[in-house]
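Quick note: the coordinates plus some simple rules give every number you see, no bench work behind them. Just so we're clear, the structure is a prediction, and the values are computed from it rather than from any experiment. Cβ sites come from the backbone with ideal geometry, for glycine too, and all protein chains shown count toward neighbours.
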Amino acid sequence: MLLIAIGINISKLARLGISPVSSLPRAAELIWGITLGTASIALNLICILLQFLILRKKFRPVNILGVAVSIAFGYMIDLTGSDPKAFGHLMAGFPVPQSYLLKLLYMCVSVVLIGLGVFSYVRTGWVPMATDGLSTAVAEVSGKPFGSCKTIVDTCMVLSAAALQMIFLGGLSSFTGENVVVREGTFFAAIFVGQIVRLIGRISDIKRPEEGR
């Protein structure tokens, strides 16, 4: 989770748009002045509540552990961030890229770190992140594939964040200023984080048989 948190904060510094699952927390941070970690905790707790409402009797008690995961993840985001109001803010003073090329480089580093973090977390087999748990709940009830449901959930978050950005953060001008929530980097992350996870998975599967020889 620590790698994911660092990746999120690097994408925030790039100002090309944050990853889909962090788009709503980023909008809340900019509009209401709370930290990104606090906003992420709130969103994840809402996702767990939605899981319960969707699954009802099928809701597994182990998913309650997602509350602890959500709180820990939120603190990690604040710890590795640059917001002086946040706990830790270890990236305070970290250079903010000015040229588009450097911003794109930051975004690429962010995507790789998030992909590594997601792969590492999934391999532990522990409680799924709250947003993924919500996608799983929708898939279980609707009978649709998980991938399709995750796309739907992520799209709803991005569209909601973009609407908040347009309404509260300056309309079209918010896509070019300091208050960026959704931009090309959001879609870049949506496409390539999954590709990075799959690539690491293939490399890991290749190495395992070699280690057993």
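Across the range 93-143, what is the total count of residues that are assigned to a helix (DSSP H, G or I), of a type outside the set (Val, Ile, Thr) and in contact with a Phe, Trp or Tyr (Cβ under 7 Å, 6 or more places away or on another chain)?
Taking the range 93-143 first, the residues assigned to a helix (DSSP H, G or I) are 100-124, 130-142.
Among the residues that remain, those that are also of a type outside the set (Val, Ile, Thr) are: 100-108, 110, 113, 115-117, 119-121, 123, 130, 132-135, 137, 139-140, 142.
Then keep just the ones that are in contact with a Phe, Trp or Tyr (Cβ under 7 Å, 6 or more places away or on another chain); that gives 107, 135, 139.
Residues meeting the conditions: 3.
Could you count how many residues in the range 166-185 are farther than 16 Å from residue 113 by Cβ, in contact (Cβ under 8 Å) with a residue 12 or more places away in the chain and buried (at least 18 other Cβ atoms within 10 Å of the Cβ)? Even if it seems obvious, please write down each step before you answer.
Applying the first criterion (farther than 16 Å from residue 113 by Cβ) to the range 166-185 yields 166-184.
The next check asks that each one be in contact (Cβ under 8 Å) with a residue 12 or more places away in the chain; those that pass are 168-169, 178-184.
Next, from what is left, pick out any that are buried (at least 18 other Cβ atoms within 10 Å of the Cβ): 169, 179-183.
Residues meeting the conditions: 6.
Name the residues in the range 12-30 that are in a helix (DSSP H, G or I), small (Gly, Ala, Ser) and more than 10 Å from the chain's Cα centre (by Cα), would you?
14, 27, 28
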